[in-house]
Structures are given as C-alpha cells and as structure tokens.
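For reference, the structure discussed in these notes is given below.
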Amino acid sequence: VKFIYVLPLGNPDRKLLAGLVPAVWESLRIPVEVRECPIELDPFYDEGRGQYDSTAILQHLKQHPAIAQRLPLLNTRGNAALLAVVPHDLFIPILTFVFGEAELGGTAAVVSYHRLENERYGLPADRELLSRRLQKEALHELGHTLGLLHCPEQACVMRSSTNVDEIDLKGVEFCAECRSDMQKSHPRTGRRGSANP
Amino acid sequence: MNKNAVGILVVDDELIVRDSLTKWFRESGFRTESAENGAAALNKLQAASWNLMLVDIKMPGMDGIELLHRVKELRKDIIIIIITAFASVDTAVKALKEGAHDYITKPIDPDYLDHLVEKALSQQELAMENIKLKNVVSELSTGGELIGESPEMVTAMELVRTVAPADTTVMILGESGTGKELVARAIHTQSPRAYFPLVTVNCGAMTETLLESELFGHERGAFTGAQYRRKGKVELADGGTLFLDEVGNIDVKTQMDLLRVIETKQFMRVGGSEIIHSDFRVICATNRDLEKAVREGAFREDLYYRLNVFTIQLPPLRARGIDIARLARHFLEKYATAMNKPVRTFSPEAMYAIKAHDWPGNVRELENAVERAVVVCKGTTIEKEHLPVQTVNSQRNQGRRLDDVERSYIEQILQETGWNVSRAATILDIDRVTLYHKMEKYGLKRGQ
C-alpha cells in the first residue's frame, strides 16, 4: 500500500479527522490524505435498528464510480487503502453494533466514532480521549486491510476490543510482531525519516 | 491458545449471518467455515475437526436442536452455542438439556459473543488438558511398563495395588533390571502421596560422604566445594516418597543416620544446626541378600527390620517365560515410534532367539537389545542378526548359580569393550561405581 485515503462520510467532525491524519502517518509511514466524495449514507440506514449497515457501506464504496474517479490509486489493487470515517452508529446484521469493519487484506475499511464518545455512557465529553479512541480504531481497521489479525498483546492496537474500556486499555501502536508481519507483506509501512507529503 | 488451530463452524441458513460471523472470527485468527444447513454441517464435521459450533436454532429441514442432538452423538466434546432470533426460555432450556453450552439471541452483542466464545474455548482447553493429564497419571499408576501376565508378575502387581494406599515402608527385591524402580513409581502414583514428589536416591553410586550430603543436604561451607546451601533428597521428598535404590550398598554410618531420620522424620543438613522436618514414605530396593548382610554385620539389623515391613519380590525375566514375547513387542513398538521407523515385527528366528536367551540383565537387557535392533534394522522386520543375542545359551547356563551368570556376562562385556569400564557400564546400564563393586566382588581384573 502506497497511499491511504481518508474519506469523510455523513459529515464527521473535521477536527477529529485533522488529528487522525498525522496519527496514521506517524504509525504507518504511508502518505495519508483526506478526500471528499459525495456519497450518501441514507440507503444504508436501517430504520428498525436506527443504525447504518457497515458491510453494505463497504460494498458500496468498492463499486461507486465516484470513488474510482477521485481516488485513482484504489483501482490498482495493493496501491492504496481507503478508510471511511462516519459519525453514525454502525452494525453488521448479526451483531448489535461494530466500531468499524474492514476487508481483511483488502482495500477498504470503515470506522465510526459514534460509540467512542463518552457522552454515550453518561460521562462528560472528552475530545482528547475521543480522538485517541478514533486513532486506535482507525489504525486497527487499517491493520486488517494490511492483512493483520487480532493480536493477544495487551498494548497492541490490533488487540480485539468490543467495548471502550478495552480500547482505552490498549495502546495506539502496533506491537513488534504485528509490525514485522505488516512489513513482510507491505514493506513500505513503518519506515522512518520522511514527512507526510 | 493457538487460535489458528481452533476451528469454529457457523451453521445458519442466512448467508449474511454466515458471512458476518465467519469474518468476525477469522479476524481473530480462528479457522472458520460455515454451513447453510444441518446436513452440510454434519458433512463438515466428518471432513475436519471443530472445537465450537454456532448453530441457528431455526433452519429449514433439520433444525438447530436436532443438529445439536446429532452432533453430540458423534462428538461430545464440541462446544455448541445456539443462536436464536428471540429469547425463549423453553427453547433455551431444551437446547441446554440437549448439551448446548449456551444460547445467544440475535442480534448478538459482540462484547458478549467474544467473551462467551473465549470462555467456552478456555474451558474446553482445560478439559482436554485434564484428560491428557489423567491419561498420563493412569499410565503411571498402572505401572507404565510393568507388563506381564506370568503368575509371578500378576502376584507382584497385586501386591503393589494392596500396599500402595497404605503408608507402609516397602522393600522391593529383585535382580538388576527387573523393574524395581517402575514398581516404586507405581506404588507412589497409586498412593495418597501421588501429587507430591517421588525422589530417587541411587545409594550404590555414591561414596559415604557424597551419599550423606545427597540424602540430608548441606549448608554453605560445610565442606570444600560446598559453595551454596543445598537441600537433600530427604527434604525434597517432603509429602511424597523417598525411593532408596540399592539400599544394601549404604555404609554403616549412613545406615545409622538413615534409621534415625526414618524413625523421627527429623534431620540436620551436613554442616548445619537447624532441625528440618520432612514427612516422607520410604520405598527401598536391593538386589543384595540383606539377611545375609545382616548376619555378616554389613547391614544394621534394626534398619533392616525398619525397612523390611512389606516385601515385593520381582521375578527375573527368565522365570517369566510367557512375558518375554509380549515385552519384546512392547519395546519394539515403543522404539519404532520414538525413532519414527517402520519396524513392525520380529522374524520367527529373531523371536526364537529372544525366547531362548537367558536375559541375565533381565527386562533392561531385553529393552536395550530391542532398542539396538530397531536402530540397526533397515526394513519392517527385526531379524536374528539385528539382535545382540546370537547364541542360544540357555543350555550353557543351565544349572549355574545367578552369581556365576552375572560374573560371566560382566566379563564378556568387559572383554568386548576392551576393559573400558565406562563403556561396559553403559552397555550393562549400571553406573561405574556399581560395576567396580561387581568387578571387585567377582575378582575380575584385566589380563587374567
């Protein structure tokens, strides 16, 4: 993967995205850029659940002509990865919710910060904490697109987390083993010494 | 847990559910597949090994409960978690009664799902580990290689079962190589002390001072070279069993110390002043005639009576004619497996030679002979030439005393090794000190 596109969908908080881009670059050392794309999320809204279907969103992103036009590098498999960031609550049909979803070893991932907000749990808002949680979940989903599986290391960002406490407990970095696995299949990741173009 | 080795099978008629769940578990590194109905699931069950199944209760044709019933008939150990569209106490109770591990309702809380699966798999791992350990304990408690159907061996094994649960001191008598240590292990593992250590001391292999230090331990600086405090075997056997092999070779001074510690269960480390308590059972073994040693004053009478509470006499292999072939086949299988060789059987000539041999080194000699034969055998059948026993010597040894046979066998091995004591001791599977004792006993010297 030579490039990561961050795609805001459903009008997410731009300040959060502004914090996310350098964090992804810092961790993966793959150029990251925010690209706007006029994709509506309404078709993926499930009225009965009041949530958006993440699997359907991922499928749609892969087939949408606007994506192919605006994110040309995605057309060549292995050249770029796409991370959609949404403010809405996501689900996959069998589960009550997901923080995000990714194509394992593929090109697209989607992450939501809806359930990462403290307010959802009756706690006072904490922007810094929210930003950190989003960075972790974004890197986690991008890790899956780069072929990584869940990691048993407590501090590794690839550790599976199904609640915010678990997200807070894990680190924002990939552990040495995950980093090594990632570099085997994607040698350009994690190289130091240059700035995000 | 090596998740890659753990298989999860998702059974649901809805494609989206199958895809979602297989993807969910695959991301965690599990080997995951799905089946769209009960019949497909049963086919997958035959084709691969699965640890856990997530089964939708409502499917066309065979429903989840029936599938659960069928799977449990085939594989009791598979964890089955039932997925149901709505919580129904009746269905849940029915599923649990049929052997389901748990049930979950759609849509599933991912937090609950992950923890439920992880906990179920951990329990399964523990259960499997428990079965493995039970098998190991069972093998040990039945004596492992204490194999035999001859009346002498059956009697000996019956005595083992009788004496094991009691805390009595046991004396095991028998020639070298008859399996005295195996019997000691069998007694220990069938005793209430089984979960504490079995500590073996080879009394014949040590000098007086070394044995004292080995038994009772020593304090730092107790003698030259004692740089650290060291616990002795008596202390290490606390709660368990102390097995004194070749007890007849203990010197008189250590006999006195040993008697005291057996009676009081208290002792001091060499060079120390602290009184140490140790609760242990004593099993001892010897191939010496201890009664004769007592009469000659070489062995303390009081210690002899303290040790000789319950005696188990192990027969020599030549007295267990019907066991020889079975033991030989057992060792063949053991070493062929260990060496990963395709050796399966003995030729009739080889088996005849085995049965005709006297086996003065008893089971140990037979085991060594078969091990060697497996090493040199290139095919699937051990021939007579592969065995280190080439001559039928039963006639040669007929009417000879055991000591004579032992002397002649040791002499033969010493000659074969050019009187290299270390090599001869290795072949005879005894330590060098014991071999020196025996050479001295039989007056065996190079150049005679």
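The values are calculated or read from the model by the stated rules, or taken from the named source; none is laboratory data. The shown structure was predicted, so the numbers you read here are calculated from the model rather than taken from an experiment. Don't worry about glycine lacking a Cβ; one is built from the backbone with ideal geometry, like all the others, and counts go over all protein chains shown.
The residue that is nearest to the chain's Cα centre (by Cα), counting only those in region B:113-132 that are buried (at least 16 other Cβ atoms within 10 Å of the Cβ) and within 14 Å of chain A (Cβ to nearest Cβ), is B:Leu121. Yes or no: region B:84-96 includes at least one residue that is surrounded by 15 or more Cβ atoms within 10 Å (Cβ to Cβ), at pLDDT 90 or above and away from chain A (no Cβ under 14 Å). There is no residue in region B:84-96 that is surrounded by 15 or more Cβ atoms within 10 Å (Cβ to Cβ), at pLDDT 90 or above and away from chain A (no Cβ under 14 Å). The residue of region B:4-24 that is surrounded by the most Cβ atoms within 10 Å (Cβ to Cβ), among those that are in contact (Cβ under 8 Å) with a residue 40 or more places away in the chain and more than 10 Å from every other protein chain (Cβ to nearest Cβ), is B:Val11. Against the criterion of being away from every other protein chain (no Cβ under 11 Å), closer than 24 Å to A:Leu146 by Cα and modelled with pLDDT under 95, A:Leu73 qualifies. Given the condition under 31 Å from the mean Cα position of the chain (by Cα), exposed (fewer than 12 other Cβ atoms within 10 Å of the Cβ) and away from chain A (no Cβ under 14 Å), answer yes or no: does some residue in region B:137-150 qualify? Taking every residue of region B:137-150 in turn, at least one turns out to be under 31 Å from the mean Cα position of the chain (by Cα), exposed (fewer than 12 other Cβ atoms within 10 Å of the Cβ) and away from chain A (no Cβ under 14 Å).
Here's the yes/no breakdown for (1) of a type in the set (Asp, Glu); (2) in contact with a strand residue (DSSP E or B) (Cβ under 7 Å, 6 or more places away or on another chain):
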| position | (1), (2) |
| --- | --- |
| A:Val110 | no, yes |
| A:Glu119 | yes, no |
| A:Leu142 | no, yes |
| A:Leu148 | no, no |
| A:Gln154 | no, no |
| A:Ile167 | no, no |
| A:Glu173 | yes, no |
| A:Glu177 | yes, no |
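For B:Leu215, the test of being within 18 Å of B:Asp431 (Cα to Cα) and part of a helix (DSSP H, G or I) is failed.
Looking only at residues that are in contact with a Gly (Cβ under 9 Å, 6 or more places away or on another chain) and assigned to a strand (DSSP E or B) in region B:25-34, which one is farthest from the other protein chains (Cβ to nearest Cβ)? Out of the qualifying residues, it is B:Glu33.
Determine if region B:69-77 includes at least one residue that is of a type in the set (A, V, I, L, M) and either more than 13 Å from chain A (Cβ to nearest Cβ) or assigned to a loop (DSSP other than H, G, I, E, B) (or both). Yes, some residue in region B:69-77 is of a type in the set (A, V, I, L, M) and either more than 13 Å from chain A (Cβ to nearest Cβ) or assigned to a loop (DSSP other than H, G, I, E, B) (or both).
Of all residues in region A:153-166, one or more are more than 16 Å from the chain's Cα centre (by Cα), more than 20 Å from B:Lys23 (Cα to Cα) and in contact (Cβ under 8 Å) with a residue 24 or more places away in the chain. Restricting to region A:13-46, what's the tally of residues that are without any contact (Cβ under 8 Å) to a residue 60 or more places away in the chain, closer than 21 Å to A:Arg70 by Cα and buried (at least 17 other Cβ atoms within 10 Å of the Cβ)? Residues meeting the conditions: 3.
Is it the case that B:Asn37 is in contact with a Pro (Cβ under 8 Å, 6 or more places away or on another chain), free of Cβ contacts under 8 Å to residues at least 40 places away in the same chain, farther than 29 Å from A:Asn163 by Cα and away from chain A (no Cβ under 14 Å)? Steps first, please.
Numbers: in contact with a Pro (Cβ under 8 Å, 6 or more places away or on another chain): yes; free of Cβ contacts under 8 Å to residues at least 40 places away in the same chain: yes; farther than 29 Å from A:Asn163 by Cα: yes; away from chain A (no Cβ under 14 Å): yes.
Yes.
Checking the structure you have, find out if any residue of region A:62-73 is more than 20 Å from B:Arg26 (Cβ to Cβ), under 16 Å from the mean Cα position of the chain (by Cα), of a type in the set (Lys, Arg) and surrounded by 13 or more Cβ atoms within 10 Å (Cβ to Cβ). For region A:62-73, residues more than 20 Å from B:Arg26 (Cβ to Cβ), under 16 Å from the mean Cα position of the chain (by Cα), of a type in the set (Lys, Arg) and surrounded by 13 or more Cβ atoms within 10 Å (Cβ to Cβ): absent. Per the conditions (1) among the basic types (Lys, Arg); (2) under 21 Å from A:Ala81 (Cα atoms); (3) modelled with pLDDT of 90 or more, the sole criterion not satisfied by A:Arg49 is (2).
Please find, within region B:40-59, the residue that is farthest from the other protein chains (Cβ to nearest Cβ) out of those that are outside any loop (DSSP other than H, G, I, E, B) and charged (D, E, K, R).
B:Lys44
Which is at pLDDT 85 or above, of a type in the set (Val, Ile, Thr) and under 29 Å from B:Thr434 (Cα atoms), of B:Ile147, B:Ile187? Write out each step before concluding.
On the way: B:Ile147 fails: at pLDDT 85 or above.
The unique qualifying residue is B:Ile187.
Report, by residue number, each residue of region B:6-17 that is under 15 Å from B:Ile57 (Cβ atoms) and either among the aromatic types (Phe, Trp, Tyr) or part of a helix (DSSP H, G or I) (or both). I'd like the intermediate steps shown before the answer.
Here is the first cut: in region B:6-17, the ones under 15 Å from B:Ile57 (Cβ atoms) are B:10-14, B:17.
Answer for region B:6-17, where residues must be under 15 Å from B:Ile57 (Cβ atoms) and either among the aromatic types (Phe, Trp, Tyr) or part of a helix (DSSP H, G or I) (or both): just B:Val17.
Just so you know, in region B:334-372 the residues that are modelled with pLDDT of 90 or more, over 19 Å from the mean Cα position of the chain (by Cα) and among the polar types (S, T, N, Q) include one that is nearest to B:Asp323 (Cα to Cα), and it is B:Asn362. Applying a threshold of 7 Å to beta carbon distances and a minimum spacing of six or more residues, or different chains, the list of pairs starting in region A:89-115 at a residue that is in contact (Cβ under 8 Å) with a residue 24 or more places away in the chain and ending at one that is part of a loop (DSSP other than H, G, I, E, B) and buried (at least 23 other Cβ atoms within 10 Å of the Cβ) reads A:Val98/A:Ile92; A:Glu101/A:Ile92; A:Val111/A:Phe99; A:Ser112/A:Phe99; A:Arg115/A:Phe99.
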